[in-house]
1. Working carefully through the options B:Thr65, B:Thr70, find the one that is more than 12 Å from the chain's Cα centre (by Cα), away from every other protein chain (no Cβ under 11 Å) and more than 21 Å from A:Ser93 (Cβ to Cβ).
2. (1) at positive phi; (2) within 14 Å of chain B (Cβ to nearest Cβ); (3) at pLDDT 95 or above: which one isn't true of A:Ala61, the others all being true?
3. Given B:Val108, B:Val80, which one is under 27 Å from A:Pro107 (Cβ atoms), within 13 Å of the chain's Cα centre (by Cα) and crowded, with 18+ Cβ neighbours inside 10 Å?
4. Looking at B:Tyr39, B:Tyr66 in this structure, which one is within 14 Å of B:Thr24 (Cβ to Cβ) and among the hydroxyl-bearing types (Ser, Thr, Tyr)?
5. Which is part of a loop (DSSP other than H, G, I, E, B) and modelled with pLDDT of 95 or more, of B:Val80, B:Val108?
6. I want to confirm something. Restricting to segment B:55-77 and keeping residues that are in a loop (DSSP other than H, G, I, E, B) and among the β-branched types (Val, Ile, Thr), which single residue is nearest to B:Asn2 (Cα to Cα)?
7. Identify, please: which residue in segment A:26-47 is aromatic (Phe, Trp, Tyr) and at the interface with another protein chain (Cβ under 10 Å from one of its Cβ atoms) and is, among those, surrounded by the fewest Cβ atoms within 10 Å (Cβ to Cβ)?
8. Take the residues of segment A:1-14 that are among the charged types (D, E, K, R) and under 17 Å from A:Phe88 (Cα atoms): which is nearest to the other protein chains (Cβ to nearest Cβ)?
Amino acid sequence: DGGITQSPKYLFRKEGQNVTLSCEQNLNHDAMYWYRQDPGQGLRLIYYSQIVNDFQKGDIAEGYSVSREKKESFPLTVTSAQKNPTAFYLCASSSKTGTTDTQYFGPGTRLTVL
Amino acid sequence: GNSVTQMEGPVTLSEEAFLTINCTYTATGYPSLFWYVQYPGEGLQLLLKATKADDKGSNKGFEATYRKETTSFHLEKGSVQVSDSAVYFCALSRSNDYKLSFGAGTTVTVRA
């Protein structure tokens, strides 16, 4: 089955630690995205990548880092510089071949800072 | 810049009631418009979309029409079920920009 997988589903971190969230897709999509969701709010874009070895900051990139070494993978690192990292993190991907730019989402990772 | 404004929730309905969630947008050019649904503890699923003015997106009994004159994309369903309880997000993207702009989401609870 084609789709997007994220791991782990739940993640607990102590203050001052970096953590990496995994996102893998087998949809052969060029573009991948990371969003953050907080209670009662819409999704906010952290980083996005339109092609391998290239990525751009979104609206709230401070305290986060990404890499795109493979088309299928777009891991997100939440660094200790992120002041309020507890949130639900969603990864998405889309094909660049159409103009509709439909994004397909993974199941999410819930990060809690203890 | 692009922005999406959704009707605030939460919305509580009885089964078989009519559901409307208002969505208006601000954007330059001709954006594509989407409705996504999020069930508890899950990621977002695409519910429907429309890519040009007067297009109607539909899926699972839900409908929304792209109204350029009123910059709106209201979601409707004629008869809701308990299984429709979820958070609904309106979103837009421009054809030359791969980013989505989301509304804040509307929580819908359907009671038996």
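1. Residue meeting the stated conditions: B:Thr70.
2. It fails just one condition, (1).
3. B:Val108
4. None of the others qualify; the one that does is B:Tyr66.
5. Of the residues listed, the single one that is part of a loop (DSSP other than H, G, I, E, B) and modelled with pLDDT of 95 or more is B:Val80.
6. B:Thr71
7. Once the filter is applied, the top-ranked residue is A:Tyr33.
8. Restricting to residues being among the charged types (D, E, K, R) and under 17 Å from A:Phe88 (Cα atoms), the top hit is A:Lys9.
The values are calculated or read from the model by the stated rules, or taken from the named source; none is laboratory data. All of these numbers come straight from a predicted model, not from anything done at the bench. Cβ sites come from the backbone with ideal geometry, for glycine too, and all protein chains shown count toward neighbours.
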